[in-house]
Amino acid sequence: MHVSITEMERETYKKSPIHGIDGRIKILMTLGITVFVVSLPRMETLNFTKLGILEAYLFVLMFFSRTELSHIIARFAIALPFGLGISTLQPFIKQPFVNDFTIISSLPMGLEITREGVLYGAIIFTKFLVCITSVILLSTTTSMSELVASSRRLGLPKEMAMLFTMMVRYLFVFWNMLGRIRTAQKTRCFEIWNRKVPRKWTLEQIGYTISLLFIRSYEQGERTYQSMLCRGYSADANVYVNKKNLQITDFALLAVTLGIIIVVQMRVF
Amino acid sequence: MHIPDTFIPLGQAAIYWIISIFFIARAVKWARNDMKENMIPLFGVLAAGIFVLQTINIAASLIVPIPMLTGVSWHIVGSALAAIIFASPWAAVLLMAMVLAIQSLFGDGGITVMGANILNMGVIGGFMGYYTFIGLSKLSVKRSFAMFTGAFLSMLLPGIALAFELWLAGTFPLKQGVLLMGIFQGVAGIGEGFITVIVFGAILKARPDIVNEETLTKESTTKVAAVGIAALLGLAVAAPFLASNNPDGLEQTASLVLKNEIGSRITLLFSDYAIPGMGRAGEVAAIIIGLAAILLIWTGISRIMKKV
């Protein structure tokens, strides 16, 4: 499964009630949910109920965002492997914060599956799933430029805002550039995974591709910098961010999200 | 090598964030003050380029063709490369912080743990990669080898740091983590080393003005020594946790041949590299004292050699 940044960005330009919510609210929601999920106790079975409610809430929001199901599945497929890998190993590990272990099964080579390990692995994976869902919701309903502008409105320092503005603007240019380089290489029958050519030669070709992209991005940066200077850019320059008042729907969504977190935490169910 | 959310507890993640924010703030200051002009926009565009080139996945078996690496891939990180080209590790910190922030939107690395990821790839990768290159260059080692070693360590050491972070978080055992990350990141480091040498050579041919050669040759030895000492201190803290309790070959042979005769005759100051009664802290302290003693002896000898 593969999702390019252009496909990801295309999703953010859809019209939906969630897309229309202010970027600041969506950033705060994502941060709030992530921090809350990470702060949940490590070994509590009640976590599954709490995380289930949060995951269900995020999927409801995703449903209203009209994001393509195939896109969501593809995004999960990209994000999950590393987390899944470490979670899957947990049943075989003796967690240092657990005092007593109940062995479920003994395997060859001294491996043991413990009840506590299975529980911790399941909790850590469910937590990870909720965090990933909230990030996917944020990034499929908010364009990158809106994210930078919203971060600036939330107090991101001007230097960082400038850096991210430039980065986001040229991300797609270089993505397309890499696509063209790859197409050109394909027309010459170049294939990174081809084992019939010497490894040294393949590495050199990859190195030259990277050099090309590096030099092109540097030169684009120089041209951009020169053109900004021509338009009066100086060290004191600031990224312009228009004022944007929060709407009643923004406050409503924030209140609902906070309410759900509080309800989940207070165990009012 | 991107740690996802929930794999490090919030308290520890906050500490990594605080350390990273300090380094990011210093990196922004460097971009504003130390570069020839205010080239912050250029860095933004370059970060976009680095982000895209990190999407080029390369088969690990291309570097080391062993069955264990079948299906494993890696991509260039570029922290050592960026630091060497701009003649400053701060360039790596700044670029990696930006790239990791955007990657987190793809679920590649978490939000609460972004501090740890910046610390590993930007700070440890950038500083160790850069100062290894500078240090070896000062020792008149061939430039391409110095660069290869710097880039190799910029991949290996962040992997080891990650294993320690996951161990401190209670998520993964230390020795297995170090072993696995050592193997995978070591192989990726070989690739990173080759690619860095090729890319640097190509940039030097096409745009020699980009590379800040003057600063590279004038970098102070004190800074190299400071980073070296910091790395050794890190190793001193890590060593007792990684060391095996089993005797080495000589000890084993001696114990078989001489039984208990040696131990009763000699009183050692730091037996088994430890201060008795202090546990792990004693082992760390003993190694740090040993390290300090070696540095003092080395400083003394070098001063005498200079006078002679």
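Quick rundown of the values:
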| quantity | calculated |
| --- | --- |
| Size of charge dipole - chain B - debye, nearest 20, with Cβ of Lys, Arg +1 and Asp, Glu -1, no other charges | 820 |
| 5 angstrom amide H check on residue A:114, placed H, neighbours 5+ away | A:104 |
| Cα centroid separation, region B:49-125 to region A:74-133 (Å) | 26 |
| Nearest-20 debye value, region A:58-172 charge dipole, Cβ charges on Lys, Arg, Asp, Glu | 420 |
| For chain B, the longest site-free run once trypsin sites (Lys or Arg not before Pro) in DSSP loop states with at most 14 other Cβ atoms within 10 Å are removed | B:143-258 |
| Cα-centred dipole magnitude for chain A, charges only on beta-carbon of K, R (+1) and D, E (-1), debye, nearest 20 | 720 |
| Residues of type aspartates and glutamates that residue B:29 reaches as a straight line, Cα spacing below 15 Å, ignoring anything fewer than 8 places off in the same chain | A:159, A:236, B:37 |
| Local electrostatic count, residue A:49, Cβ distance below 14 Å [Lys/Arg +1, Asp/Glu -1] | +1 |
| Full-extension gain in nm, residue A:48 to residue A:187, via 0.36 nm per residue minus C-alpha separation | 44.9 nm |
| Folded to 0 to 90 degrees: helix B:40-53 orientation relative to chain B principal axis, Cα | 70 |
| Cα gyration tensor shape of the protein assembly as shown, rounded if a/c is under 1.5, else prolate or oblate by comparing a/b with b/c | oblate |
| Radius 12 Å from Cβ of residue A:75, net charge of other residues (Lys, Arg +1; Asp, Glu -1) | -4 |
| Region A:184-244: trypsin sites (Lys or Arg not before Pro) falling in loop per DSSP and having at most 15 other Cβ within 10 Å | A:188, A:195, A:196, A:231, A:243, A:244 |
| Hits among aspartates and glutamates - C-alpha to C-alpha of residue A:94 under 15 Å, sequence gap 8 or more where chains match | A:112, A:116 |
| All lysines inside 16 Å of residue A:196 as judged from Cα atoms, apart from same-chain residues fewer than 8 positions distant | A:186 |
| Relative contact order [Cα under 8 Å, 6+ residues apart], region A:1-154, whole percent | 42 |
| Between helix B:10-33 and chain B: long-axis angle, C-alpha atoms, 0 to 90°, nearest 10 | 50 |
| Cα gyration tensor category, rounded, prolate or oblate, for region B:17-148 with a/c compared to 1.5 | oblate |
| Using alpha-carbon coordinates, inclination of helix B:174-206 to the longest axis of chain B, degrees | 40 |
| Listed pairs A:158/B:223; A:15/A:50; A:26/A:243; A:15/A:158 exceeding 19 Å between Cα atoms | A:158/B:223; A:15/A:50; A:15/A:158 |
| Number of partner chain Cβ atoms within 10 Å, mean per residue of A:198-210 | 5 |
| Given charges at Cβ of Lys, Arg, Asp, Glu: region A:177-269 dipole, positive-most of A:218, A:246, A:181 | A:181 |
| Which of A:72, B:111, B:222, positive extreme of dipole for the protein assembly as shown (C-beta unit charges) | B:222 |
| FRET efficiency estimate (nearest 0.05) - Cβ-Cβ, residue B:176 to residue B:304, R0 51 angstrom | 0.65 |
| Relative contact order, percent, chain B [alpha-carbon distance under 8 Å, six or more residues apart] | 17 |
| For residue B:131, net neighbour charge (Lys/Arg +1, Asp/Glu -1) across residues whose Cβ lies under 13 Å away | +1 |
| Qualifying GluC sites (Glu not before Pro) in region A:11-102, DSSP loop, other Cβ atoms within 10 Å at most 12 | A:44 |
| Dimensionless Rg ratio for region B:191-246, taking C-alpha atoms and the 2.2 N^0.38 Å reference | 1.76 |
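Each value in this text was obtained by applying a stated rule to the coordinates, not by laboratory testing. Because the structure is a prediction, the values reported are computed rather than measured. A quick note on method: Cβ atoms are made from the backbone with ideal geometry, for glycine too, and the neighbour counts reach across all protein chains shown.
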